[in-house]
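A quick write-up on the structure given underneath.
The values are calculated or read from the model by the stated rules, or taken from the named source; none is laboratory data. These numbers were taken from a predicted model, which means no experiment stands behind them. Heads up, the Cβs are rebuilt from the backbone with ideal geometry, glycines too, and the neighbour counts pull from every protein chain shown. Please note that ligands, DNA and RNA were not included when accessible areas were found on the heavy atoms of the full protein model with its side chains. Shrake-Rupley method; radii C 1.70, N 1.55, O 1.52, S 1.80 Å.
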Amino acid sequence: QVQLVESGGGLVQPGGSLRLSCAPSGNIFRFYAMGWYRQAPEKQRELVATITRYGTSNYADSVKGRFTITRDSAKNTVYLQMNSLKPEDTAVYYCNAEFKATPWTTSQTAWGQGTQVTVSS
């Protein structure tokens, strides 16, 4: 079963930057929408940014102008560039993707295991 593997989290000072990556653990026939979500302690998981197969992106108001989502279709990888980070960005960040594993299977949705982002001085 294909899983999504995230990387790039860590500890950064306010105003700093991080780049998250998310890639499948195996071969994928085709990705559709891909996105990043986050969950802070004692809060619900919330959408951060999404990107369609055709490159159309959407952002939460709280990250507009600071975060950028991109995808490398050749590598089936999605990235989240996070700049001007704030303490309130601290959360576990999850990758999400809708994809078809083979041309003959129906589309499915998967989540990554999450990567911790901590913004603190």
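A few comments on the model shown:
- Which listed residue is of a type in the set (S, T, N, Q), under 13 Å from the mean Cα position of the chain (by Cα) and at pLDDT 95 or above, from Thr52, Thr90, Thr77, Thr68: Thr68
- Residues that are surrounded by fewer than 15 Cβ atoms within 10 Å (Cβ to Cβ), touching a Leu at 6+ places or on another chain (Cβ under 9 Å) and closer than 26 Å to Ala74 by Cβ, drawn from segment 1-57: Ser7, Ser17, Arg19, Ser25
Residue-wise test of (1) assigned to a loop (DSSP other than H, G, I, E, B); (2) on the phi > 0 side of the Ramachandran plot; (3) in contact with a Lys or Arg (Cβ under 6 Å, 6 or more places away or on another chain).
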residue	(1), (2), (3)
Ala49	no, no, no
Leu80	no, no, no
Ser84	yes, yes, yes
Tyr93	no, no, yes
Ala97	no, no, no
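- Ala97 meets the conditions (1) among the aliphatic types (A, V, I, L, M); (2) under 14 Å from the mean Cα position of the chain (by Cα); (3) open to solvent by 60 Å² or more (accessible area, probe 1.4 Å) in every case but one. The failed one is (3).
- Verdict on Ala60 being more than 17 Å from Gly112 (Cα to Cα), without any contact (Cβ under 8 Å) to a residue 40 or more places away in the chain, surrounded by 14 or more Cβ atoms within 10 Å (Cβ to Cβ) and small (Gly, Ala, Ser): yes
- Condition met for Thr90 (surrounded by fewer than 17 Cβ atoms within 10 Å (Cβ to Cβ) and either out of contact with any His (no Cβ under 7 Å at 6 or more places or on another chain) or touching a residue at least 60 places away in the same chain (Cβ under 8 Å) (or both)): no
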